[in-house]
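Encoded as structure tokens, the structure appears first; notes follow it.
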Amino acid sequence: MNFFVKNCLLEQENTDCIILAIFSSCEFSESLHDLNKCSDNYISSLVKLGDIQGKIGETLLLYNIPNIISKRILLVGCGNKNKIHKSDFKKIIESSTKVLKKLAVKNVIYSFSELIIDVNNNIYWIIRVLLLSIENSFYNILKINSVKKNNLNINHITFNVLIKYDLHHAQVSLKHSLAISHGIQSAKNLSNLPPNICNPLYLSYEVKKLYKKYKKNITIEIIDMEQMKKLGMHAYLAVGNGARNKSFMSIIKYSRKDIITKKTIVLVGKGLTFDSGGISIKPSANMHYMKYDMCGAAAVYGILIMVAELELPLTIIGILSGCENMPGSQAFRPGDVLTTMSGKTVEILNTDAEGRLVLCDSLTYVERFAPDIVIDIATLTGACVTALGESISGLFSNNQDLEKQLYLASQQTNDQVWSLPLVSEYQKKLTSNIADFSNTGTSSAGAITAACFLSNFTKKYKWAHLDIAGTAWTSNKKSGATGRPVELLCQFLLNQLNNYDE
Ligand code: BES
Ligand code: MN
Ligand code: ZN
């Protein structure tokens with residue numbers, strides 16, 4: 001799909017379909033009103049038949065409209081004119097996509113620039129929400145060995161910008177939105193792959209491909225198990241011990257050679273390409289979902305694609321901590337004591353609390369980059385799903401300002417997060433009589449104790465942890481990765497640029 005922004009004379013556009021908003025009680029949007037006048041009130045006469053009221057997601061397809069060159073007009077109900085919530089906007093786009101998918105249309109124009117979408121109501125955000133919602137509604141999981149071809153006809157999507165003066169901002173938005181969308185789609189595609197294909201080595205190949213594509217600003221480094229041994233990453237290594245698929249930590253270093261940047265931001269993604277639980281094996285029902293235990297790594301991959309596409313003037317290091325947690329004669333066991341890269345020791349009480357072990361060594365490893373900010377992204381705890389459900393990711397930080405910045409980006413993008421406290425009291429839950437820590441707490445506050453565990457390894461920099469166990473994928477019929485929190489973190493990075501042109 002190719003996207004364009006344009007200040008159109010709608011009635012004169014030779015296109016397959018123009019998509020327009022109609023609000024509650026049949027109130028017309030500005031562009032619909034104009035087209036209706038051109039059609040000598042033909043559109044309003046059809047609307048009067050009563051087939052559409054303007055409720056969110058309703059649609060009405062019209063043909064043969066007098067004085068209008070477009071072959072079709074699609075009216076979409078948008079509800080309350082004065083405030084459309086971003087989540088309702090997704091429904092609006094989904095229902096229009098449902099209609100478009102059944103038609104033989106190639107070119108379409110969305111005339112939605114006059115909509116009032118809550119939180120950030122300007123052309124930049126309208127285009128952003130529009131483009132990401134459209135891409136999301138057209139997304140299909142890449143089927144393995146499927147003979148069915150992608151029969152999508154639409155290849156040319158134009159956003160009509162009602163006010164000419166807004167065109168520049170619309171273009172900036174289009175550029176950002178396309179890069180973010182590319183990042184989200186890439187993260188989803190990687191996350192949705194089955195675990196027999198997407199293993200830690202596969203993640204490293206994908207990183208190598210990124211290097212080939214974005215050589216100008218990207219260098220990479222792949223740390224294998226030999227190197228991990230030399231580095232003393234024994235917690236990370238132990239988790240991968242039971243698996244035939246070897247562990248690889250893939251590093252993407254992004255920076256602009258022509259610009260000196262002061263800050264280094266590191267993103268660390270949990271990349272368990274499959275988490276069986278290991279010797280503390282998980283119940284078999286729903287275990288297949290644990291192919292998604294690498295969604296944190298996939299998010300890091302997607303974010304770096306966005307950064308590379310936009311050539312942002314920042315220094316960003318992305319880590320994909322690839323590993324597979326399997327039972328077997330070589331597997332680590334409950335009772336083992338491991339020495340982490342930091343020198344601290346951990347007694348294993350449950351091999352299913354493996355994410356924190358892979359992450360603690362990755363978080364120590366990144367000290368070498370002297371980072372200002374480190375953010376880890378992980379499907380870390382079932383307890384976080386219990387606490388915040390499937391819509392909200394857990395946010396933890398050792399720095400209030402960083403926490404605020406992430407919360408702001410979350411509000412801007414509607415990629416929701418909620419702060420949970422990193423209370424030092426709960427460190428007590430992690431005491432061990434043989435090692436510095438144990439790897440699990442008591443049964444309560446599991447998301448917090450996991451974050452507390454990590455906080456012992458992140459003292460040298462500003463750090464935030466996003467627990468995306470509930471938000472990274474949906475387990476309903478249309479099960480698949482959500483691409484979260486790619487947009488949130490892309491926005492966080494865009495906000496780092498001082499003169500970011502919104
Ligand atoms: N990958 C899981 C967390 C998870 C569970 C994510 C369900 C999404 C849905 C993680 O490695 C895990 O198994 N955590 C354990 C920790 C426990 C043993 C302390 C959990 O949450 O049960
Ligand atoms: Mn686990
Ligand atoms: Zn896991």
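The values are calculated or read from the model by the stated rules, or taken from the named source; none is laboratory data. Every value quoted in this text rests on a predicted model; they were computed, and no experiment measured them. Here the Cβ positions follow ideal geometry from the backbone for every residue, glycine too, while neighbour counts run over all protein chains shown. Side chains are part of the model used for accessible areas, which takes the heavy atoms of the whole protein and leaves out ligands, DNA and RNA. Shrake-Rupley method; radii C 1.70, N 1.55, O 1.52, S 1.80 Å.
Observations
- Charge-dipole axis of the chain as Lys and Arg at +1 and Asp and Glu at -1 on Cβ define it, positive-most pick from Ala472, Ile116, Cys323: Cys323
- Label sites at His288 and Lys101, each approximated as a point 7 angstrom past Cα along Cα to Cβ, lie 2.0 nm apart.
- Taking every Cα-Cα distance in the chain and sorting them into 10 Å bins starting at zero, the pair-distance distribution P(r) comes out as 4, 19, 28, 22, 15, 8, 3, 1, 0 percent.
- Stretched out straight at 0.36 nm per residue, the stretch from Asn495 to Glu226 would grow longer than its current Cα-Cα span by 93.0 nm.
- Å² per residue, accessible surface of the chain at 1.4 Å: 43 Å²
- Cα-Cα over 20 Å, subset of Lys291/Lys478; Lys143/Lys175; Lys55/Lys98; Lys428/Lys459: Lys143/Lys175
- This model, with +1 at the C-beta of Lys and Arg and -1 at the C-beta of Asp and Glu, gives the chain a dipole about its Cα centre of some 1060 debye.
- The chain - mean residue ellipticity at 222 nm from DSSP helices (-39,500 (n - 2.57) per run, n ≥ 4, rounded to 500): -10500 deg cm²/dmol
- Between Thr431 and Lys459, the FRET efficiency from the beta-carbon distance, with R0 = 22 Å, is close to 0.75.
- Contact order, relative form, for the stretch 369-502: 39 percent (alpha carbon pairs under 8 Å, 6 or more residues apart, mean separation divided by residue count).
- When the C-alpha to C-alpha distance is required to be over 22 Å, the pairs from Lys212/Lys257; Lys229/Lys462; Lys37/Lys81 that qualify are Lys229/Lys462.
- Entry note, the stretch 294-434: relative contact order of 20 percent, from Cα contacts under 8 Å with a spacing of 6+ residues.
- Order by protection proxy (mean Cβ within 10 Å, highest first), peptides 297-307, 311-321: 297-307, 311-321
- Hydrodynamic radius by Kirkwood, which averages 1/r over all alpha carbon pairs of the stretch 2-163, in angstrom: 16.0 Å
- Using alpha-carbon coordinates, inclination of helix 355-365 to the longest axis of the chain, degrees: 80 degrees
- Share antiparallel - DSSP beta bridges, the chain, percent rounded to 5: 40 percent
- For the chain, the relative contact order works out to 14 percent when only alpha carbon pairs closer than 8 Å and six or more residues apart are counted.
- Å³ per residue enclosed by the Cα convex hull of the stretch 178-245: 117 Å³
- Gain on full extension, evaluated as 0.36 nm per residue between Asn7 and Thr386 minus their Cα-Cα distance, stands at 131.7 nm.
- Principal axis analysis of the Cα atoms in the stretch 263-414 yields extents of 48, 35, 30 Å, listed in decreasing size.
- Rounded if a/c under 1.5, otherwise prolate or oblate - the stretch 102-251, Cα gyration tensor axes: prolate
- Take the Cα of His33, step 7 Å toward its Cβ, do the same at Ser87, and the gap between the two points is 3.1 nm.
- The slack between Trp418 and Lys213, meaning 0.36 nm per residue of separation minus the straight C-alpha distance, is 70.2 nm.
- Residues Glu94 and Ser443, FRET efficiency given R0 of 41 Å [Cβ-Cβ distance, rounded to 0.05]: 0.55
- Ordering of 217-226, 236-245 by burial proxy (mean other Cβ atoms within 10 Å per residue, highest first): 236-245, 217-226
- Sorted on the mean count of surrounding Cβ atoms within 10 Å across their residues, most packed first, peptides 69-81, 325-337 read 69-81, 325-337.
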